[in-house]
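To start, the structure itself, in structure tokens.
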Amino acid sequence: MEFDIKDSDLASGGRYRIEWAEQEMPVLGQIRERFAAERPLNGVRISACLHVTTETANLARTLQAGGADVVLTASNPLSTQDDVAASLVVHDEIPVFAVKGEDNDTYYEHISAALDHRPQITMDDGADLVSTLHKERVAQLGEVVGGTEETTTGVVRLRAMAKANKLGYPV
């Protein structure tokens, strides 16, 4: 799968920062070990629209260890850590669509790229992935079994969709 990051030469610095953050996330490390042994997400396609940070990188690596086929796009272009995005692509072979400071058109192109992955599970921060799926990719809704949402803003959007009977899968 393709990706869109700023510079793959940033990967070694990103790897260092991801590994440093991993030391401060022992529970996630234990889950990664269990997932690597049990592979509970084997073959599940996950598209995540989250802050591309060291913490998210460790989450994506954990999901991948569990067998998931993960794609990551930025939920906020201003929080994207370009070295982390590069490391995920280069060292973990996780496709990432995120460039710090990307413009609005690029942001939505990246959302679309994450949906091209045909996710079975969505992970969202602000409900842009879910909203775009419902507005522009309605035919894909039947492939999605569920999703997660991180923010109050996203939950408000999702509750409004649910109230209007327009939420196509459980989040």
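The values are calculated or read from the model by the stated rules, or taken from the named source; none is laboratory data. A quick note: this is a predicted structure, and the numbers were derived from the prediction, not measured. Virtual Cβ from ideal backbone geometry, glycine too; neighbours counted across all protein chains shown. These area figures cover heavy atoms from the full protein model, side chains too; ligands, DNA and RNA do not enter into them. Shrake-Rupley method; radii C 1.70, N 1.55, O 1.52, S 1.80 Å.
This table checks each residue for (1) in contact with a strand residue (DSSP E or B) (Cβ under 6 Å, 6 or more places away or on another chain); (2) modelled with pLDDT of 95 or more.
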position: LYS6; (1), (2): no, no
position: GLY29; (1), (2): no, yes
position: GLU33; (1), (2): no, yes
position: CYS49; (1), (2): yes, yes
position: ALA65; (1), (2): no, yes
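The helices (runs of 4 or more DSSP H) found entirely in the range 1-109 that carry 2 or more residues being in contact with a Ser or Thr (Cβ under 8 Å, 6 or more places away or on another chain) and hydrophobic (A, V, I, L, M, F, W, C) are 11-23, 26-38, 82-92. Tell me which residues, restricted to the range 131-171, are without any contact (Cβ under 8 Å) to a residue 24 or more places away in the chain, part of a helix (DSSP H, G or I) and among the polar types (S, T, N, Q). Residue satisfying the conditions is THR152 alone.
Confirm whether SER112 is more than 24 Å from MET25 (Cα to Cα) and surrounded by fewer than 22 Cβ atoms within 10 Å (Cβ to Cβ). Yes; evaluated as a whole, the condition is true for this residue. Looking only at residues in the range 40-61 that are among the charged types (D, E, K, R) and touching a helix residue (DSSP H, G or I) at 6+ places or on another chain (Cβ under 8 Å), the one that is most open to solvent (accessible area, probe 1.4 Å) is GLU55.
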